[in-house]
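Let me begin by presenting the structure, written as structure tokens, before commenting on it.
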Ligand code: GLC
């Protein structure tokens, strides 16, 4: 059950496609709007409102938390799966330092799930800043403050649990002995998808996800491994990466092109000196089963004669300053304008520009710098030079020097700049900071809507750096500029369920870390986590040590781990698609499945991937293994060189499990089945018909395997499901 409350006059975000009736409208802070007000918050009677769970005190929503309460959600953020004990600010930020004392990263994901004495969900829908003080100021208080007090609040309760019996099919079943290989046509009966039982938090997520609409579905090949680098500078370099991957039999499905494929960093251009036969290159790579995925940035270079610039100017499609002149910012190409993504017409225009690359055979993109990043604004740059000049010749002591040193650093992404330009939202002039969190979302939406028109029969790969809930319908996300740090491997894992709750299913981090130098052991361990994530991409910054898998000596270990990804593909794809098509979760915290188990509820370094398996990756350097908690009896399955080397049933409780660098261990849940393919060096090689079943199940157990052609937009859960029964 979902209740909607409107506070003040919030701007529409289009996060919720079909809104339920607002059950209550409270007065805004100025007390002007009193439509349907039961109680005027201005009168001072603070808490006796009709709001369930929460108190509105005219400045913030608050809630008392019990010790047992766990606060899930908030998508892309630092710290734990349980968000208690910190302040988070939804304010899409170009933040390269994902330290644990950060408050904002690139996304704004205002969904919370409180699980404890009472269990319910909250979604704060507003395009500007929201602060979530989750027990930081007062240990037992959750306090939510929204800029301008203009927002819509959704309170989501779990429906009364009417547990649907999981029906076990009797038709079309085959008996499968342990480990026996079966051809798919032995159990070719088509049947409907059996609803899973959902726990209360799962039901709340499900309700919320139904509210915000179906998550983005990429093409199947996008579940392969992608190699990226800022940047592969020439055609030859791209060919070389492909050649070396194939030569070492390291699976590969994508090579990413960073900003240097463009001509002087101009969106929708190709540098013809470095990539003279770009179209041929795209084709040649495709023949090897490798897609090229170029980056698109938010800023459009100011350059006479450049069509995107000229058209934008001619039609008034760029964001304007106070005086109505195009706002100038500095990004990669130097001086740029921002396309007005919130202007419907401008957004359609920008989206159609992707056609240039689609026509060259490209089938996937990553949208970047769309918080949007401002290296500098013209105005602030001039001011800075004036100020710096004043220090010339001065004998600088500590205060002067620190002030001097600090000045250029605050030039970028300056709050004042975000208050200095405007959007044209359906004829209304709106200051950017009021809608800041929508920019990346609407940029990605511009592309996705154009793809629907331009490629109606084909899924196009699309993911973004900045995001807001609502964007999950149009694309995935990668979690930006992390570092080659062990702590970031762990953070990668912790973010995953939080992102899923907010609708983002096609997600991943830069495997191996974007910034700083990666080491062989870190990359192996990170890959051993990454093979379970939908978006699996190794990416690194230009000043760092090369991070392609073949750059670390012997490739055997890497090959073994990566080959397992391709063996897992039928399962991972199936679980992803079921999550997308039933508004469910792909990665779940243990507390969602074992709610009554106080230990499971606090585990933050293991998680369920789909219905059948639990993972517990190693994330500490030099560790030979780790302690794993099993909430119930499970089957440990060990893989070396992508082959099963051990299957051991372990009782519930804590276990120390040895996990050498070149092995992957996963745990199959009781009553469950894990189908494994034979593998391949690209997604297209993987044979969905020749599966090996790993299971920890008795007779009657069933797995619903989903598959489709991997490209059509038209997807049907029931049609794609085949049962595997024991
Ligand atoms: C940003 C992106 C990063 C990319 C770089 C150059 O920092 O987050 O992934 O490599 O820009 O385009």
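Computed from the coordinates by the stated procedures, all read-outs in this text should not be read as laboratory data. This one's a predicted model, so the numbers in the text were calculated from it and none came from an experiment. Neighbour counts are summed over all protein chains in view; Cβ atoms, including those assigned to glycine, are modelled from backbone coordinates with ideal geometry.
Quick notes on this structure:
- Label zone (residue 543, point 7 Å along Cα-to-C-beta; backbone nitrogen cut-off 17 Å) within segment 471-509: 481-485.
- Pairwise FRET efficiency - residue 658 versus residue 414, Cβ, R0 = 41 Å, nearest 0.05: 0.20
- Tensor-based shape of segment 384-524 (alpha-carbon gyration tensor, a/c under 1.5 rounded, otherwise prolate or oblate): oblate
- Whether segment 647-726 is rounded, prolate or oblate, judged on the alpha carbon gyration tensor where a/c under 1.5 counts as rounded: oblate
- Considering helices alone, the calculated mean residue ellipticity of the chain at 222 nm is -7000 deg cm²/dmol, with DSSP H runs of length four and up weighted by -39500 (n - 2.57) and normalised per residue.
- Mean-position separation - Cα centroids, segment 654-726 and segment 432-499, in angstrom: 27 Å
- With semi-axes defined as the square roots of five times the eigenvalues of the C-alpha gyration tensor, the equivalent ellipsoid of the chain measures 40, 34, 25 Å, largest first.
- FRET E, pair residue 692, residue 310, Förster distance 60 Å, beta-carbon r, rounded to 0.05: 0.55
- A Förster radius of 35 Å combined with the Cβ-Cβ distance from residue 624 to residue 64 puts the calculated FRET efficiency at roughly 0.20.
- Shape of segment 640-682, Cα gyration tensor, a/c cut at 1.5: oblate
- Once the chain from residue 279 to residue 102 is taken as fully extended at 0.36 nm per residue, the excess over their C-alpha distance is 59.5 nm.
- Inter-label distance, residue 602 to residue 716: 5.0 nm, where each label sits 7 Å from its Cα along the C-beta direction.
- For the peptides 326-335, 225-234, 103-112, residues were scored by their other Cβ atoms within 10 Å and the scores averaged per peptide; the highest-first order is 103-112, 225-234, 326-335.
- Relative pair counts by distance (%), Cα atoms of segment 258-326, 10 Å bins: 18, 39, 26, 13, 4, 0
- For the peptides 436-444, 699-707, the ranking by packing is 436-444, 699-707, with the highest mean count of neighbouring Cβ atoms within 10 Å listed first.
- Rounded to 5, the percent of DSSP beta bridges in the chain classed as antiparallel: 75 percent
- Mean Cβ neighbour count within 10 Å, used as a protection proxy, ranking 85-93, 711-719, 137-145 highest first: 85-93, 137-145, 711-719
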